[in-house]
Each structure stands twice: as C-alpha cells, then as structure tokens.
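**Student:** Following this message is one structure expressed as structure tokens.
The values are calculated or read from the model by the stated rules, or taken from the named source; none is laboratory data. Not measured: the values here are computed from a predicted model. With ideal geometry, Cβ positions are generated from the backbone for all residues, glycine too; neighbour counts draw on all protein chains shown. Heavy atoms of the whole protein, side chains included, go into the accessibility calculation; ligands, DNA and RNA do not. Shrake-Rupley method; radii C 1.70, N 1.55, O 1.52, S 1.80 Å.
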Number of protein chains: 2
Amino acid sequence: MAEEKNNISKADFRFMNDALVDVYDHIMRIEEETLRKSTFRDISVKEIHLIHAITLHDHKTSSEVANELRLTKGTLTTNVKTLERKGYVKRINDEQDHRVTRLTLTNKGKLLYRAHDAFHRQIVKSFIKGMDGNEVKVIKRALINLEDFLSDITQ
Amino acid sequence: MAEEKNNISKADFRFMNDALVDVYDHIMRIEEETLRKSTFRDISVKEIHLIHAITLHDHKTSSEVANELRLTKGTLTTNVKTLERKGYVKRINDEQDHRVTRLTLTNKGKLLYRAHDAFHRQIVKSFIKGMDGNEVKVIKRALINLEDFLSDITQ
DNA sequence: TAAATTGGTTTGATGTTCAAACTAAATTAC
DNA sequence: GTAATTTAGTTTGAACATCAAACCAATTTA
C-alpha cells in the first residue's frame, strides 16, 4: 500500500487544519464586508445569523431560537428587539399560549435571508467545483466523519 | 452521465451548508467546554486563539499578531496584558528596535498550545478517517477550491 | 384556588472590541 | 546634526454582545 490509511503527513495536517480554521474566519469577514456594501448595511454578521435561525416559514418561539443559537433568553430578547426596530423581524403573539412570542421575518428580512442563502449556495458550489458524483460522496463522508467525531465528544 | 458535474441537489446543498456552518460552532463549543474542565480553566476560546497566533517559536511582534488576527493594536495590547497576568505569555523587548515588543509563550503557554494543537490534530484525523490517498486528495482539492473562491472575492 | 412552572423581559455586570489621543523611539529631510 | 515625520505600542472612553438573576404574566398542577 503506497499510502497508509488514517496516517497523515505533517504537511497535510498543517494544510487541512489551517484551511479548516481560516476558511471560517474568511467567510465571516466576507459576509461582514458584503453586508457593509449592500442595502443591508445596518446589519452585522451576528444579526444575519439570527435572521437565518428565524428562517423563512416556521414561526419558531423565542426559546426555540435561543436554544438553537445557544443564547440565553435575555440575550435573544434584546437582539430581537433591535432587529424589530430595524424592520427585519416581527413578533407574533401566540393565540394558544399567551406567554409565548413567535418570531417571523418581514419582507425586508426575507429578502436578506435569501441574499444570504444565495451566498452560502455559492460557497458550497465552489467547495465541490469540478467534482463528479463519487467525489462529492467523499466530501460528504468527510463531513459526516467530522460531525460524528464532534457529537461523540459532546454527550 | 448519471450525475451532472457542478450540479448539486437541494438536499446535498442543505447537508453540506449546514455541516460547514454547524461544524465550526460545534468545534468552538467543544474547545470552550474542554478548556473549562482542564487545568486551563482560566482561558477562553478567544484567548487560546491568541496563544495559537503567538506560536511556539517565532517571536512575532505585537503588530504582526494583531494583523493576523485582524485586531487593532489597542485590542491586542489589552488581550496580551491579561494573558501575561495569567502567566501564558511574555513580552520581550526587541534589542534592535526599542519601540517593538515581541511576544512569546511561557512554559505554561507552550503546554496549552500543544494541548490545543493535539485537539486540532484529532479533528483533522477524524475528518479523513478511513480514507485512502486518493480520497484525501479529493478533500484537499475541495478545500483549495474553497480558499480560491474566497480569495477571489476579496482579491 | 393556591402553588409551582414556564416563556419572556428587564437589569446590572462583565468582557471584547474599536477609534482616537498619546508616548517613546526611530527614520527622513533639510 | 537637529527638526519634522513616521512607526510601534499603550491608554482611554465608548459601544456592543453576552450572561445570570430578579422579575412579570400566563399556564399548569396539586
């Protein structure tokens, strides 16, 4: 066997590690800059992640969104408040249970959601650029490996 | 051709996008928790990234580190100050140019650096678990694709 | 119907960051 | 060779994100 399975050279480790680390920072940076130059220049990366978590259609409760983003309820309240003020998010009072507020995007919020989603689509597309079906499967397997590894650590 | 090149199904997009997004958050979370439970419980994820940027051997200047991490000089000064107080980092006065301070890790800092590096090694290893040389090449290509895409945007 | 629980908000504190003013050292321009 | 400019880093004051804890109102349970 020319290449041992599960054995990785120092150079490969360094390359992949740096790539994995840098890529995320780079994406955040680009998102920030892109937003700054767009019609949505009053929105930060953190805010767009909240908008993404609220999603297009499924009227989640505040607590659900807070859990997903691992923020306290208090933090979410304040963040939602500013996005509401800026006109991206609307609160809906739940008819069944008068304690809960559900979150939804305004038209402006939906527009931003779609723009952001399109950017992510580009990222994924670039990731698998020029690859055939089998190669895409290899990438998926790698991502599944990583997710499994990470969830094994957590519980 | 059963599978068109460069065409990705909605499901594949969603899977890869979510994986790419979630993986980073997950890693940060695990780093945070692991630190909390270790001997280094006085260190945050942001702080460990600073320690990583200072590196084991190459006595960078404050400005160099600030640029790498894209922080202002002022922010770096305060961050270094707390890491110095906690005993992970040392300032060295440059003999040539008395304006510059170079940054280096104490033994405690180096210990932490190595522990953190070992964790990253595990991550990369899990990423390519069970793959042969060709498959590893596919992964590398994907990461290069992504880096190219991102630098093209920034140029 | 009183007590406990739940969903969300408010409050006060902490940590991270920045921009701008500043200090000290080095470089350049005359 | 001194004055003016630039450079490296620090200090300061403000802004923002976050949290934990106290709180309020509605619902559930006992």
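**Student:** Need one number: nm distance between label points at B:Ser63 and B:Asp42, each 7 Å from Cα along Cα→Cβ, rounded to one decimal.
**Tutor:** Spacing of the two 7 Å Cα→Cβ label points: 3.2 nm.
**Student:** Taking each label point as 7 Å beyond Cα in the direction of the beta carbon, state the distances from B:Val45 to the same residue in the other copies, shortest first, in nm.
**Tutor:** Here the equivalent label points are 1.2 nm apart from this one.
**Student:** While we're on this one: With a 1.4 Å probe and every protein chain left in place, tell me how much accessible area A:Arg114 has, in Å² to the nearest 10.
**Tutor:** Accessible surface of A:Arg114 is approximately 120 Å².
**Student:** Also, quick follow-up: May I ask for the angle, rounded to the nearest 10°, between helix A:73-85 and the longest principal axis of chain A, with both axes built from Cα atoms and the value confined to 0 to 90°?
**Tutor:** Tilt of helix A:73-85: around 70 degrees.
**Student:** ³J(HN,Hα) across the range B:101-108 via Karplus (A = 6.51, B = -1.76, C = 1.60, θ = phi - 60°), whole Hz, x for Gly/Pro?
**Tutor:** 10, 9, 10, 8, 8, 6, 4, 4
**Student:** By how many degrees, 0 to 90 and rounded to 10, does the Cα axis of helix B:133-154 deviate from the longest principal axis of chain B?
**Tutor:** Around 70 degrees separate the two axes.
**Student:** Hey, how many Å between the Cα centroid of the range B:41-112 and the Cα centroid of the range A:89-155?
**Tutor:** If we compute the Cα centre of each part, the gap is 35 Å.
**Student:** I'd like the accessible area for B:Val23, computed on protein heavy atoms only with a 1.4 Å probe and all protein chains in place. Round to 10 Å², please.
**Tutor:** The value for B:Val23 is about 20 Å².
**Student:** Then there is this: In what sequence, largest accessible area first, do B:Leu71, A:Leu150, A:Leu56 appear using a 1.4 Å probe? Before the final figure, lay out the partial values.
**Tutor:** Numbers: B:Leu71 65, A:Leu150 0, A:Leu56 30 Å².
So, going from the largest accessible area down, we get B:Leu71, A:Leu56, A:Leu150.
**Student:** Could I ask something else about it? Just the accessible area for A:Thr82, please: 1.4 Å probe, Å², rounded to the nearest 10?
**Tutor:** So the heavy atoms of A:Thr82 present about 40 Å² to solvent.
**Student:** Between copies, how close do the B:Leu56 label points come, placed 7 Å along Cα→Cβ, listed in nm from shortest?
**Tutor:** Shortest to longest, the spacings are 4.9 nm.
**Student:** What number do you get for the range B:79-155 when its Cα radius of gyration is normalised by 2.2 N^0.38 Å, N = residues? Display every interim value, and only then the final one.
**Tutor:** On the way: Rg = 19.3 Å, N = 77, 2.2 N^0.38 = 11.5 Å.
After normalising by residue count via 2.2 N^0.38 Å, the value is 1.68.
**Student:** What distance in nm lies between label points placed 7 Å from Cα along the C-beta direction at A:Phe119 and A:Glu33?
**Tutor:** So the two model labels end up 1.1 nm from each other.
**Student:** Separate question: Please report the Cα spread of the range B:19-117 along all three principal axes, rounded to whole Å, starting with the longest.
**Tutor:** In descending order, the Cα extents are 47, 28, 21 Å.
**Student:** Using a 1.4 Å probe and counting only protein heavy atoms, arrange A:His26, A:His57 so the residue with the most accessible area comes first. The partial results should precede the final answer.
**Tutor:** Working: A:His26 35, A:His57 135 Å².
The ordering from most to least exposed comes out as A:His57, A:His26.
**Student:** Related question: Taking the range A:1-84, which GluC sites (Glu not before Pro) meet the DSSP loop condition and have no more than 12 other C-beta atoms within 10 Å?
**Tutor:** In loop regions of the range A:1-84 (DSSP not H, G, I, E or B), the sparsely surrounded GluC sites (Glu not before Pro) are A:Glu4.
**Student:** List the residues whose amide H sits under 5 Å from the amide H of A:Asp42, counting only those 5 or more places along or on another chain, with H placed 1.01 Å from N in the peptide plane.
**Tutor:** Counting only residues 5 or more places away or on other chains, the set is empty.
**Student:** Relative to the longest principal axis of the C-alpha atoms of chain B, give the angle of the C-alpha long axis of helix B:45-54, reported between 0 and 90° and rounded to the nearest 10°.
**Tutor:** In chain B, helix B:45-54 runs at an angle near 80 degrees to the longest axis.
**Student:** What Kirkwood hydrodynamic radius, in Å, does the protein assembly as shown give when the mean of 1/r is taken over all pairs of distinct Cα atoms and then inverted?
**Tutor:** Numbers: mean 1/r = 0.0457 Å⁻¹.
Its Kirkwood hydrodynamic radius stands at 21.9 Å.
**Student:** If each label sits 7 angstrom from Cα along the C-beta direction, how far apart, in nm, is A:Asp25 from its counterparts in the other copies?
**Tutor:** The projected label point of A:Asp25 is separated from its counterparts by 2.2 nm.
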